[in-house]
Each structure stands twice: as structure tokens, then as C-alpha cells.
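Report on the structure given below.
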Amino acid sequence: MIFRGTATAAGSMVLVIIAAIAVFLIVKAVPAINKDTENFFTYKSWFTDGDTPQFGVAATVFGTVLTGALALLLAVPVALGIALCLSHYAHRRVATSLGFVIDLLAAVPSVVFGLWGRDYFYEPITNFSKWLHDTLGWLPIFGSEGPYGKSILLGSIVLAIMVLPIVTSLSREVFMQTPPENQEAALALGSTKWEMIRTAVLPYGKAGIIASVMLGLGRALGETIALALTLGGVYDIKWDFLGPGGVTIASNIANRFGEANDTGRGALIASGLVLFAITLVVNMAARAIIYRRREFVGSA
């Protein structure tokens, strides 16, 4: 009875905190949004000084979604491959040691990843971007003629490395929870190890995989310092991964909050409200997908 009451109170407190954050963001953001509501959602630049400030979240929302999606595209296949290797292929001692290292990687501060990406990835990504442009420049995403360096590509690669341990650790635990009888039944029917994984392990862990990917996306959408150090900071909407450009809501807040005036701070808080809404929608969609998956499995 005591435990049940404590758990209920803790869960209710989480809802209260989320509601309090939402109220704070709305109260602080409304004055800035009211100055030019239409441009706030469509304007790409960010000018909050002067008598006629003009600012909008179009470019920052685009950059946030693009870097997060590209980071997941790079990280998820690798993370699932590592998780399957640790859970079903690697020797138990090796899997334990590698799993410990991956868990440690998740604890590295984001500023370390940002500095590492800026100082050590800059030149390799510059050369790689030149090669991509020379080879696949007919594609719009590789059409930029430079200068290369800080770009969507660099930021997304650093972000993918940051997301990798989260998705890997959760997926590994999900794969290891697959009932042994399911795996043994598949092997008894003549399946190879990969066929057993494809028919028994992956379907069973689909809901967990979705949950791990959504948690990784949440980390990607809210990342601040690493992207502030590796993105070009150009307010524009373009499908170009190589050229100087890219700004996210979180990196824009980090770069501009310290020197912002009252209008600028209100505008940045308003952009934080947009990020809060995006994250909330992503998590609600993930919960809906997982719920439908569990419901389907239960009915089957």
C-alpha cells in the first residue's frame, strides 16, 4: 500500500513538473510571439535587436529535425548490429566488456563530443565532403561547392556517435529478453542463426526497438553544445549536408541567450516552447506505436 502510494505520487509529480514547464514556457513566450505571430513560424532569420525585430523558427526547426533524422539514419543500423552481436554472437566475456564500454560512452558529456568533433573530425569531414561533391554532386544534398567543414554532415555524425550507445544498450537488453523457447523452436525447425534472429528475436523486440530509437531521437532533438560547436550556424532551409549551414533550436538558444535583450530572450524561450512541443509529439507518437504493437501481439 505504501509502495503503491509512493509510486502514484512520483508519477503524478512527473506530470505536474511537465505541466509547470509548459506553463512557464507559454507565459514567457507569448509576449514575443504576439509581436509577429505569422513571421515567428515562417521567418528564417533571427534578428531580435532594434526597433523592428524579425525572427522565426522555420530554419531552426528544419535544422533540428534534419540533424536528428540524419543522426538516426546513421546510428540505428550500426546500433542494432552491435546489439545483436553482443546478445547473440560475441563470447559472453567479450560481450560483457564491450557492453560496459558502450555504457561508459553514454556517460561522456556532450561538450567533449562537440570539441572532439570540431577539432578532430573537421579535416576528415572536409576531405570527405569534397569527395562526395566530386562524386555525387549531381544530388542536391551533395551539391554545395564549399567551403566545407562545419556543416549538417559534421553535426549529424557527431550526434550519431552520441545517440549510438543509448540505442545499443536498450536494444541489447531487449534482444536478451527474447524467450529461449522461441529461439530454440526456430532452431529446431532448421533455421540458421540469422533466420532465428530474423523470425524470433527481431519481431519479439520490435516495440523495444521503437522505444530505444525514440529515446535516441529525443536525445538528438535536444542536443545543444555538441551541435553548437559543429554546425555552421547559417539560418536557412536547404537540403545541403556539405556546405556551411545548419542551426537547431537548442544550439541557437545556447549561442544567443547570453547576449540577448528582453525581446531576444522571449523569442528564444518561445523557440524552446516549439522544441518542447516537438519532443512531446515524438514521445506521444512513440507511445502510440508501442501500445498498438503490444495490443496486436496480445490479440494474436
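The values are calculated or read from the model by the stated rules, or taken from the named source; none is laboratory data. If you're wondering where the values come from, they're calculated on a predicted model, not measured in any experiment. Note that each Cβ is placed from the backbone with ideal geometry, even for glycine, and that neighbours are counted across all protein chains shown. Note: accessible area is taken over every heavy atom of the protein model, side chains too, but ligands, DNA and RNA are not part of it. Shrake-Rupley method; radii C 1.70, N 1.55, O 1.52, S 1.80 Å.
Within the group 49, 103, which residue is open to solvent by 20 Å² or more (accessible area, probe 1.4 Å), under 30 Å from residue 263 (Cβ atoms) and not hydroxyl-bearing (Ser, Thr, Tyr)?
49
Select, from 294, 287, the only residue that is assigned to a helix (DSSP H, G or I), touching a helix residue (DSSP H, G or I) at 6+ places or on another chain (Cβ under 7 Å) and at pLDDT below 80.
294
List the number of the failed condition for residue 149; all other conditions in (1) touching a residue at least 24 places away in the same chain (Cβ under 8 Å); (2) under 30 Å from residue 247 (Cβ atoms); (3) open to solvent by less than 40 Å² (accessible area, probe 1.4 Å); (4) part of a helix (DSSP H, G or I) hold.
Tallying (1) touching a residue at least 24 places away in the same chain (Cβ under 8 Å); (2) under 30 Å from residue 247 (Cβ atoms); (3) open to solvent by less than 40 Å² (accessible area, probe 1.4 Å); (4) part of a helix (DSSP H, G or I), residue 149 fails exactly one: (4).
Out of all the residues in the stretch 251-267, which are open to solvent by 10 Å² or more (accessible area, probe 1.4 Å), in contact with a strand residue (DSSP E or B) (Cβ under 9 Å, 6 or more places away or on another chain) and modelled with pLDDT of 80 or more?
Result: 256, single match.
Quick check on this structure: which one of 42, 67, 6, 60 is hydroxyl-bearing (Ser, Thr, Tyr), touching a Phe, Trp or Tyr at 6+ places or on another chain (Cβ under 9 Å) and either open to solvent by less than 40 Å² (accessible area, probe 1.4 Å) or free of Cβ contacts under 8 Å to residues at least 24 places away in the same chain (or both)?
After ruling out the rest, the residue left standing is 60.
Mind checking which pairs have a first residue in the stretch 98-112 that is within 17 Å of residue 170 (Cα to Cα) and in contact (Cβ under 8 Å) with a residue 60 or more places away in the chain and a second that is surrounded by 10 or more Cβ atoms within 10 Å (Cβ to Cβ) and β-branched (Val, Ile, Thr), Cβ under 8 Å, 6 or more apart or different chains?
As it stands, the answer is 102/82; 102/168; 106/166, since those pairs meet every condition given.
For every residue, the table says whether it meets (1) within 30 Å of residue 192 (Cα to Cα); (2) hydrophobic (A, V, I, L, M, F, W, C).
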residue	(1), (2)
89	yes, no
95	yes, yes
99	yes, no
105	no, yes
109	no, no
114	no, no
122	no, no
133	no, no
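Can you find a residue that is in contact (Cβ under 8 Å) with a residue 40 or more places away in the chain, more than 17 Å from residue 160 (Cα to Cα) and touching a Pro at 6+ places or on another chain (Cβ under 6 Å) anywhere in the stretch 276-289?
no
Quick check, is residue 197 more than 25 Å from the chain's Cα centre (by Cα), modelled with pLDDT of 85 or more and among the β-branched types (Val, Ile, Thr)?
For residue 197, the condition - more than 25 Å from the chain's Cα centre (by Cα), modelled with pLDDT of 85 or more and among the β-branched types (Val, Ile, Thr) - is met.
Wholly within the stretch 1-89, which helices (runs of 4 or more DSSP H) include no fewer than the required count, namely at least 1 residues that are in contact with a Leu (Cβ under 9 Å, 6 or more places away or on another chain)?
So the answer is 2-35, 58-84.
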